[in-house]
1. Could you please find all residues in region 175-201 being over 15 Å from the mean Cα position of the chain (by Cα), open to solvent by 10 Å² or more (accessible area, probe 1.4 Å) and among the aliphatic types (A, V, I, L, M)?
2. Between a residue in region 82-93 that is of a type in the set (Phe, Trp, Tyr) and any residue that is surrounded by 10 or more Cβ atoms within 10 Å (Cβ to Cβ), which pairs come within a Cβ distance under 6 Å, given they are 6 or more apart or on different chains?
3. Tell me yes or no: at least one residue of region 7-17 is open to solvent by 50 Å² or more (accessible area, probe 1.4 Å), in a loop (DSSP other than H, G, I, E, B), of a type in the set (A, V, I, L, M) and within 24 Å of Ile184 (Cα to Cα).
4. Please go through region 62-82 and pick out each residue that is touching a Ser or Thr at 6+ places or on another chain (Cβ under 7 Å) and part of a loop (DSSP other than H, G, I, E, B).
5. Can we say Leu144 is under 19 Å from the mean Cα position of the chain (by Cα), open to solvent by less than 70 Å² (accessible area, probe 1.4 Å) and of a type outside the set (Asp, Glu)?
6. What number of residues within region 91-119 are in contact with a strand residue (DSSP E or B) (Cβ under 9 Å, 6 or more places away or on another chain), open to solvent by 10 Å² or more (accessible area, probe 1.4 Å) and under 23 Å from Lys227 (Cβ atoms)?
7. Go over the candidates Tyr122, Tyr49 one by one and state the one that is closer than 26 Å to His221 by Cβ, over 13 Å from the mean Cα position of the chain (by Cα) and crowded, with 20+ Cβ neighbours inside 10 Å.
8. Just give me the residues in region 128-157 being small (Gly, Ala, Ser) and assigned to a helix (DSSP H, G or I), in sequence order.
Amino acid sequence: MPYQHIFFDLDHTLWDFDKNAEETIHELYHHHQLQVLGIHSPDILIETYTANNHQLWAKYHLGEISKQELRATRFKKTFLDLGIDETKVPSSFEDDYVRICPTKTNLFPDTHETLTYLHQKYHLHLISNGFKESTEYKVENTRLKPYFKNIIISEIVGINKPDKAIFQHALNLAGGNITESIMIGDSLEADIRGAKNIGMDAIYFNPNHLPKPEDVDVHIHHLSELKALL
């Protein structure tokens, strides 16, 4: 296809959310001395948090919960799941996490190399369901901003992927049309099916080698594969 515009997701696609969250939680585990509460390693905290966070983000994508509910719930539920008395949960844990995590700079392998290659051939844009402050900081701090003509953040637009309206908004900003555009992201619901529902092609970023659903046309395990595909 003669693509002109490529739309990328950020978290879990370019910015390695899980690795950055893991580093942050390791730091906070020791800072808040969570072993005293009976959490014997940061790994069990990370595992429980990751499962809860993914579930809550899936609800946020679909508009079932608000930003405030997501942030108020994810660590509270994690500590409760680990058997910690609610009154003993560190009150600043969520705020500390939100402050520190966006400062982390782990990207998926070959992110800059792949974007440099694509930037020479296509107009690149970013569509993120992330929150304004953290998304802007991540993009600046990892030197990703210069690659992208437009950075669309759902919190600013007021619409989340997979809603067709945010994809149409992104197309309008890009000055492109559906047939010359393609979406690349890790979320089957928000990125891949969201794009396909408006008629846009999509590539599923699947670094964990999960089974490819039947409704997914193309998937990749490594960002560098885009240089061969595009």
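1. Ile178, Ile198
2. Phe93/Phe75
3. For region 7-17, residues open to solvent by 50 Å² or more (accessible area, probe 1.4 Å), in a loop (DSSP other than H, G, I, E, B), of a type in the set (A, V, I, L, M) and within 24 Å of Ile184 (Cα to Cα): absent.
4. Listed by number, the list holds a single entry, Leu82.
5. Yes.
6. Summing the residues that are in contact with a strand residue (DSSP E or B) (Cβ under 9 Å, 6 or more places away or on another chain), open to solvent by 10 Å² or more (accessible area, probe 1.4 Å) and under 23 Å from Lys227 (Cβ atoms) in region 91-119 gives 5.
7. Result: Tyr49 is the single residue among Tyr122, Tyr49 that is closer than 26 Å to His221 by Cβ, over 13 Å from the mean Cα position of the chain (by Cα) and crowded, with 20+ Cβ neighbours inside 10 Å.
8. Correct list: Ser134, Ser154.
The values are calculated or read from the model by the stated rules, or taken from the named source; none is laboratory data. Since this is a predicted model, take the numbers as computed values, not measurements. Please note: Cβ atoms are built from the backbone with ideal geometry, for glycine as well, and neighbour counts cover all protein chains shown. These accessible areas exclude ligands, DNA and RNA; they are computed on the full protein's heavy atoms, side chains included. Shrake-Rupley method; radii C 1.70, N 1.55, O 1.52, S 1.80 Å.
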